[in-house]
Each structure stands twice: as structure tokens, then as C-alpha cells.
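Taking it in order: structure first as C-alpha cells, then the write-up.
The values are calculated or read from the model by the stated rules, or taken from the named source; none is laboratory data. These figures come from a predicted structure and were not determined experimentally. Glycine gets a Cβ as well: all are built from the backbone with ideal geometry, and neighbour counts include every protein chain shown. With ligands, DNA and RNA removed, areas are computed over all heavy atoms of the protein, side chains included. Shrake-Rupley method; radii C 1.70, N 1.55, O 1.52, S 1.80 Å.
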Amino acid sequence: MKNEHFEVLVIGGGPAAITMVKGLGSRVRMGVIRPENHSMIYCAMPYAVEGLLQPEKTLKADTLVTETGARLIRDTVLGVDFEEKTVSTQSGNIYSWEKLVIATGAEPVLPPLKGHDLEGVSTFKKEEDMFKVASMVEEGIENAVVVGAGAIGVELVQALAARGVHTVLADMADSVLPNLADPEMTAPAAEELQRLSIRLKLGRKARELTAREDNPARIGGVVFDDGSTEKADLVVFAVGMRPAVSLFEGSGLEMARDGIIVDSRMCTSIEDVYAVGDCVSFTSAITGEPVGGKLATNAVPMGRVLAANLKGEDREYPGFINGAATKAGELFIGGTGMKEEEAKRHFQVICGYSEFTTIFPIMPGAKKARLKLLADRVSGMIIGGQIVSGQPVTDKVDQMSMAIQFGLNVEDLLNFSYSSQPWQSFYPAHNLLVKAAEELSTQMSAPVREPAAVAEAR
């Protein structure tokens, strides 16, 4: 048994933890306990399966932690005593701390369907998941079903199809990327996936996993709620994440369904205990209500805020905006803030659209770009945005996220000062954001039409 004391002890080694450790540097004696062999670049995993890069390239170097002076401990935490300020691990060691940071992340959901324990059934989040799927592809599997048409599912089916695997993408939603953008904006992505010979099974729920007739231990197919069956040598569930917080159940740490409750400074309900990243439950920057937000791009700024505060600053995390993007075939799709149906529960929603080309239309290689901007009719505040384009869209997603984060309204975007160049934008005459804002402005100045039923009642 080993006893060791740290000024700051971190449980977990993902993006939030690494960011926080790098932010603190060598100012304090710090330890990081991580059970995994490696931290990972999770969003690159599908491209490793596709063969665009070696799987090892997705593994982060331990020096990201150790070069700061922090001690990296590969072990599994079994218990935390908040009163004694100690952590006990699987190897029998006990570590004491002055301040504890919980950064345990999230774990993928594997629905408890009949047959979920068959060989060839997997999630897609961990290092072993990536190597398992890549190995099966190398072995020459013929059929795969990916359940979950979010960004990871969409990227994975493309990787499998590129490797010659007959692939089905299934989701209980009626559209692909349902958490990223509205159906009208993701429809072109669905068409691109079909062009790549990926079969879509939307509006259907997996009901049961069946074994092969010649090998009852291995997956053979997926039965859906309409009674149809899809053959499968591999089934991957990419249906969501849940916070990895079971260690703290019954500990007195205040938690919600989606994770550990923290304030804007990343403080938990227990003094000297903090939490950051995917294990945290937090609120929307738009409505102030709890909302999902398990993205590395949320975890990293949480880590920055906590590092600054532990150095004596006073910074606050503003909440989730959830800007994200992905790629489907030749199209790039992104979204941020609220989607239309979600927003209607909180605001009087109006939508503005714009469609131009990615570069001057007279230049070779010009591609279409279509943008949708959502605003509140009453205040004019920007509350969401989506884009689909033949060129990368993260810059446009970030512009819309900034508009939401800093409370810009329609009039502010009408006065947006933009740049233009033949190889990099549409003509100086217009801009995607400004054009969409003009549409919104027109709607705001128009009289509100009452529904026919209300008018008749009057």
C-alpha cells in the first residue's frame, strides 16, 4: 500500500482533465488517476477504422500530462472519502488531496436488448472498441448495422462502407443527425449516405439481436420493431452517452440524471470538490435550463475555467451552446444552439434562410452553401443556426455560436462586417449570415398572423 498526498488530485484523463492540468501547469503538486491505457482523440476513431490513419494516431501522448509536472497514475478508483479527503484504488493505494477534481467523463450506452452480449456487438467510444471494430473489418466481415444516426454513427457507416462492408444505418428518429440540425437541413446528408450505398432504416427501433445459426455465440442479425431483420456480422450502438458517475452514488454528492451538478465555477455541492467535462450536468446558455452537452468542445472550456479559478482568478462557464459539425459524403453539416421544434417550446420562433456559393460562382469549384438562422420574434435574439455546404462549415458554426453566446440580435447581424475574396467567399455583395438576418428582419416587421381557428373564434 502506498500513501501519497496531492494539492490537487484529478480522477479521469480526458479532454477536460488534460486542459485543466495544462492550465495549472507546475504551480501545484498534482496527480491524475486514469484507468485507461491511453487518452484518445475520440472523434478520429471512425477515420482509423476507414484506414485513413493508423489507429495508434488516435492515442494521445502521456506527456500531455507529465510534461506539466503532474504525476500520471494508471489505476482505477474504487472509493472516495470526502470527509477524510482520500481516494482508494484497485491497486490498494490511498491518495489524499486538498482539492479533488472529478473528470470521469461519460460511457457509451449499450441498450439491454436480448442478445446484446453476443460476440460482434459493440459500442464505439473506447480504445478497445476502435481496435475491435477495425480488427473485424480487417478480417473481412460482410454486413454491419450501426444503430444511432448521430455524428459518430454517420461517420462510422461511411468508414465501414469505404472498406467494402454492406452497411445499414438505423435510428428511431425519422432523419439522420437529429440532434445536430432540423430534418430539412439534414436531408441532403441522408441522400449522400445513400449515394455511398449505405442503407437507411429510419423511424425504426432495434428490438432484438439474434445469433448466427452456425455459431450461437456470434451476432447474426438485428430485429426491428416492424418485424424486419437485417443481417449483421457486426452491430455497433452509437445511441448516446451517460455520465460515468456510479462511483459517487450515495456519497452525498449532488447529482442529476445527466451528471454531477456544478455551479458556473465548476464547484460541486461538496467543499473543495470540483467536476468538469462529460460527467457534469449543466445548463443551456440560451434558456438556463438543464440540457445535454457531452462534447469535447464543452469539456475543454470547463477545464480552462476551473484551472483559472484554482489559480486565483474568478471565471464562470456560460453554459452549453453545443456547436458541432460532421461530414456526409461530399457535404459538410453543422448546427448550433436550438433546433426549431425545441425552440418553439420557449420562444416565438422565426427562421431565416440564405443560399450562396462557397466561393465566387464564376470561379472553378464553386459549391452550394445553405444556412438557416433561428431567432426569437419578440426580442430578435439569435437562438440557433444550421448550415450544409460543399466546403467545411465549422467557421460558420462558430460565427453563429458567437452570436448566440454574446446575445446578438437580428439587427446586429444586419450590420455584420464581413470579408470577401474570390477563392474564399461569395461576392462582396452578400454574406450568408447577413442574408438570413435580412429574412428574419422582414418577418419581425410583418404583422403576426393569427391561426385561422383563433380568428374564427373571435
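Please give the net charge around Asn215, taking every other residue with its beta carbon less than 15 angstrom from that of Asn215, where Lys and Arg add +1 and Asp and Glu add -1.
Charge balance near Asn215 sits at -4.
At 222 nm, what value in deg cm²/dmol follows for the chain if DSSP H runs of at least 4 each add -39500 (n - 2.57) and the sum is divided by all its residues, to the nearest 500?
Taking each H run of at least 4 residues, the total per residue is -7000 deg cm²/dmol.
If you average the alpha carbon positions of the stretch 231-302 and of the stretch 169-229, how far apart do those two centres end up, in angstrom?
27 Å
Starting from the Cα-Cα distance between Asp395 and Glu67, subtract it from 0.36 nm times their residue separation and give me the gain in nm to one decimal.
Full-extension gain reported as 114.9 nm.
When only Cα pairs under 8 Å and 6 or more residues apart are kept, what is the percent relative contact order across the chain?
RCO, the chain: 13 percent.
Quickly rank 154-164, 420-430, 169-179 as a protection proxy: mean count of other C-beta atoms within 10 Å, highest first.
154-164, 169-179, 420-430
Along the Cα→Cβ direction, 7 angstrom out, place labels at Lys311 and Gln424. What is the inter-label distance in nm?
Label-label distance for Lys311 and Gln424, simple model: 3.0 nm.
Can you tell me the order of 410-419, 388-397 when each peptide is scored by its average per-residue count of other Cβ atoms within 10 angstrom, highest first?
The peptides rank, most packed first, as 388-397, 410-419.
Taking 32 Å as the cut-off for C-alpha to C-alpha distance, list the pairs among Lys126/Lys372; Lys339/Lys368; Lys57/Lys114 that go past it. If you can, show how the numbers build up before the last one.
Values: Lys126/Lys372 34 Å; Lys339/Lys368 22 Å; Lys57/Lys114 35 Å.
With Cα atoms farther than 32 Å apart: Lys126/Lys372; Lys57/Lys114.
I need the shape label for the chain. Rule: rounded when a/c is under 1.5, else prolate if a/b > b/c, else oblate, with a, b, c from the alpha carbon gyration tensor.
Verdict is oblate for the chain.
I'd like the antiparallel share, as a percent to the nearest 5, of DSSP beta bridges with both residues in the chain.
For the chain, the DSSP antiparallel bridge percentage is about 55.
If you count only protein heavy atoms with a 1.4 Å probe, what accessible area per residue comes out for the chain, rounded to a whole Å²?
So the chain comes to 47 Å² accessible per residue, rounded to a whole number.
Taking the Cα centre as origin and putting +1 on Lys and Arg beta-carbons and -1 on Asp and Glu beta-carbons, what dipole magnitude results for the chain, to the nearest 20 debye?
Its charge dipole is roughly 620 debye.
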